[in-house]
Amino acid sequence: MALPIVLYGDPVLRVKCRRVEKITKELDELADEMIETMIDAQGVGLAAPQIGVPIQMAVVDVAHDPECITYLRIDGEDADLEDCMPLVFVNPELTLHKEKEPCEEGCLSIPDFRAEVTRPIEITARLEMLDGSFITVETDGLLARAIQHEVDHLNGILFVDRLGTTGKMRAKREIKKLAKTW
Ligand code: ZN
């Protein structure tokens, strides 16, 4: 069942989410509902606080566009994007590479607002899976960006926080207008 998505302005989006200490059946079911919610809303990612649950869990799916990355390595081995999507993870640890690029982003919690955000192009992510195992993901492109965006959510950070000064001013003005239509 698709769940209601929490919108910009809700305090749960500003919480530093707690670590997942124990993976339960309920958590597994919640992950399935998050995947459904993300697909239903046509998003490429969704973090648990966006459905009102402040825990370090997120889902990402960029399989609709195999060209959106140039490489994907799981535990040091080349991997197929499709085999890994949707990607559900808890307790992520990111290592960001130095080189950055701007790219347009949106967020399911800020409907109809998009803006260009500058982020590191490549990441190395250590992610805990729902079976308790850990994987190391090395990638770039949209997948690296989506993982960074979702990990930001787990720290109470929204993509609009990463805009420059004028970008933030524009965002504030436009979101205020948009919010009346949500
Ligand atoms: Zn978002």
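The values are calculated or read from the model by the stated rules, or taken from the named source; none is laboratory data. Because the structure is predicted, anything quoted here is derived from the model rather than measured. All Cβ positions, even for glycine, are placed from backbone atoms using ideal geometry, and neighbour counts span all protein chains on display. Accessible surface is based on the protein model in full, side chains and every heavy atom, while ligands, DNA and RNA are left aside. Shrake-Rupley method; radii C 1.70, N 1.55, O 1.52, S 1.80 Å.
Evaluate the following for residue 66: is it buried (at least 18 other Cβ atoms within 10 Å of the Cβ) and closer than 20 Å to residue 141 by Cα? It would help to see each step written out before you state the result.
Numbers: buried (at least 18 other Cβ atoms within 10 Å of the Cβ): no; closer than 20 Å to residue 141 by Cα: yes.
No, not satisfied.
Scan the stretch 131-166 for residues that are away from the ligand (no atom under 16 Å from the Cβ), out of contact with any helix residue (DSSP H, G or I) (no Cβ under 6 Å at 6 or more places or on another chain) and in a helix (DSSP H, G or I) and jot them down.
The answer is 165, 166.
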Selection from the stretch 135-151 of residues surrounded by fewer than 20 Cβ atoms within 10 Å (Cβ to Cβ) and over 15 Å from residue 97 (Cα atoms) yields 135
Selection from the stretch 91-120 of residues under 15 Å from the mean Cα position of the chain (by Cα), among the β-branched types (Val, Ile, Thr) and farther than 26 Å from residue 54 by Cβ yields none
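Can you find a residue in the stretch 103-113 that is part of a strand (DSSP E or B), within 15 Å of the ligand (Cβ to nearest atom) and open to solvent by less than 30 Å² (accessible area, probe 1.4 Å)? Break it down into steps so the answer makes sense when it comes.
Just the residues of the stretch 103-113 that are part of a strand (DSSP E or B), to begin with: 103-105.
Checking which are within 15 Å of the ligand (Cβ to nearest atom) leaves us with 103-105.
So of that shortlist, the ones also open to solvent by less than 30 Å² (accessible area, probe 1.4 Å) come out as 105.
Yes, because at least one residue in the stretch 103-113 is part of a strand (DSSP E or B), within 15 Å of the ligand (Cβ to nearest atom) and open to solvent by less than 30 Å² (accessible area, probe 1.4 Å).
Just give me the residues in the stretch 167-182 being assigned to a helix (DSSP H, G or I) and either of a type outside the set (A, V, I, L, M) or in contact with a Lys or Arg (Cβ under 8 Å, 6 or more places away or on another chain) (or both), in sequence order.
Going residue by residue through the stretch 167-182, those that are assigned to a helix (DSSP H, G or I) are 167-179.
Selection gives 167, 168, 170, 172, 173, 174, 176, 177.
Okay, residues lined up against (1) more than 16 Å from the ligand (Cβ to nearest atom); (2) over 27 Å from residue 81 (Cα atoms); (3) surrounded by fewer than 20 Cβ atoms within 10 Å (Cβ to Cβ):
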position	(1), (2), (3)
125	yes, no, no
170	yes, yes, yes
176	yes, yes, yes
182	no, yes, yes
Residue set 67, 122; condition at pLDDT below 95 and not hydroxyl-bearing (Ser, Thr, Tyr); output residue 67
Discussion item. Just checking, does the stretch 86-97 include any residue being within 16 Å of the ligand (Cβ to nearest atom), in contact (Cβ under 8 Å) with a residue 24 or more places away in the chain and open to solvent by 80 Å² or more (accessible area, probe 1.4 Å)?
Written reply: no
Could you tell me whether any residue of the stretch 13-24 is open to solvent by less than 30 Å² (accessible area, probe 1.4 Å) and closer than 24 Å to residue 114 by Cα? yes
